[in-house]
Amino acid sequence: MGKINITADNKCSFCSGTTCCSYFTQQVDTPRSKADFQTLLWQIAHEKVELYQDEDGWFLIINNRCHFLEGDGRCGIYEQRPTICREHDNEWCEYDELAEKHFKRHFTSYQALLKYCKKRFKRWDG
Ligand code: SF4
Ligand code: SF4
C-alpha cells in the first residue's frame, strides 16, 4: 500500500476530533495578587477549564467543542464562519505540534493551581 502524504490540503481529514474547533482560549490579565489568583481558582474550578502561561501572557483554555462542528469534522457554517476561523492557518497547527510545548506553566486542575498559589504566597491561607 502506498504511503499517504499529509499536506495542508488533506491534513484536516486526518485530524480526528478536529482539534482546533474543540476549544477556545481567552487571555487574562497577568495575575499578581492573591485576589487575582482567587479569581483564576474560581474559573478553573469549572469543568473543562485550564490555565496556561506562555511568552504572550496568561490564558484560559475552555475545552468546549464549537456548536457548529459537525460529526464528520466539517464546519456547519463554513461560508459564514467567524474571521478567526478563516484566518486559522493549518500549515503548522495543533496537528503538527501540541500547543502545550510552548507553555511556561500549565494548570489542568483547581488542585494544581492551588498548590502553585501556596508555593508562590507564603501566607496564602493567612
Ligand atoms: S487546522 Fe489543524 S488542528 Fe484544525 S482540523 Fe485541521 S489539522 Fe486539525
Ligand atoms: S465556526 Fe466552524 S471553523 Fe469555526 S470553530 Fe466552529 S466549526 Fe470550527
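The values are calculated or read from the model by the stated rules, or taken from the named source; none is laboratory data. Just so it is clear, the structure is predicted and the values come from calculations on it, not from any experiment. Methodologically, a virtual Cβ is constructed for each residue, glycine included, from the backbone with ideal geometry; neighbour enumeration extends over all protein chains shown. Each accessible area value is taken on the protein alone, full model and side chains, heavy atoms only, with ligands, DNA and RNA left out. Shrake-Rupley method; radii C 1.70, N 1.55, O 1.52, S 1.80 Å.
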Note to self: With the structure loaded, tell me whether E94 is part of a strand (DSSP E or B), open to solvent by less than 50 Å² (accessible area, probe 1.4 Å) and touching a residue at least 40 places away in the same chain (Cβ under 8 Å) or whether it fails that test.
What the structure shows: no
Item checked: Failed condition for E100, given (1) touching a strand residue (DSSP E or B) at 6+ places or on another chain (Cβ under 8 Å); (2) within 16 Å of ligand 2 (Cβ to nearest atom) -> (2)
Item checked: Qualifying residue in segment 24-36 (condition: of a type in the set (A, V, I, L, M, F, W, C), in a strand (DSSP E or B) and open to solvent by 70 Å² or more (accessible area, probe 1.4 Å)) -> yes
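Got a number for residues in segment 11-29 being within 9 Å of ligand 2 (Cβ to nearest atom) and among the polar types (S, T, N, Q)? Can you show your working first?
Taking segment 11-29 first, the residues within 9 Å of ligand 2 (Cβ to nearest atom) are 18, 20-22, 24.
After this cut, where a residue has to be among the polar types (S, T, N, Q) as well, the list is 18, 22.
Number of matching residues: 2.
Go through segment 40-57 and report how many residues are surrounded by 14 or more Cβ atoms within 10 Å (Cβ to Cβ) and either without any contact (Cβ under 8 Å) to a residue 40 or more places away in the chain or of a type in the set (D, E) (or both). Full working, then the answer.
At the first step, the residues of segment 40-57 found to be surrounded by 14 or more Cβ atoms within 10 Å (Cβ to Cβ) are 40-41, 43-44, 49-54.
With the extra rule that they be either without any contact (Cβ under 8 Å) to a residue 40 or more places away in the chain or of a type in the set (D, E) (or both), the set shrinks to 43, 49-50, 54.
Result for segment 40-57: 4.
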Notebook entry, point to check: Out of the residues in segment 97-115 that are in contact (Cβ under 8 Å) with a residue 24 or more places away in the chain and not in a loop (DSSP other than H, G, I, E, B), which is most open to solvent (accessible area, probe 1.4 Å)?
Noted result: H102
Check: Within segment 66-82, restricting attention to residues that are more than 8 Å from ligand 2 (Cβ to nearest atom) and within 30 Å of S109 (Cβ to Cβ), which residue is most open to solvent (accessible area, probe 1.4 Å)?
Finding: G71
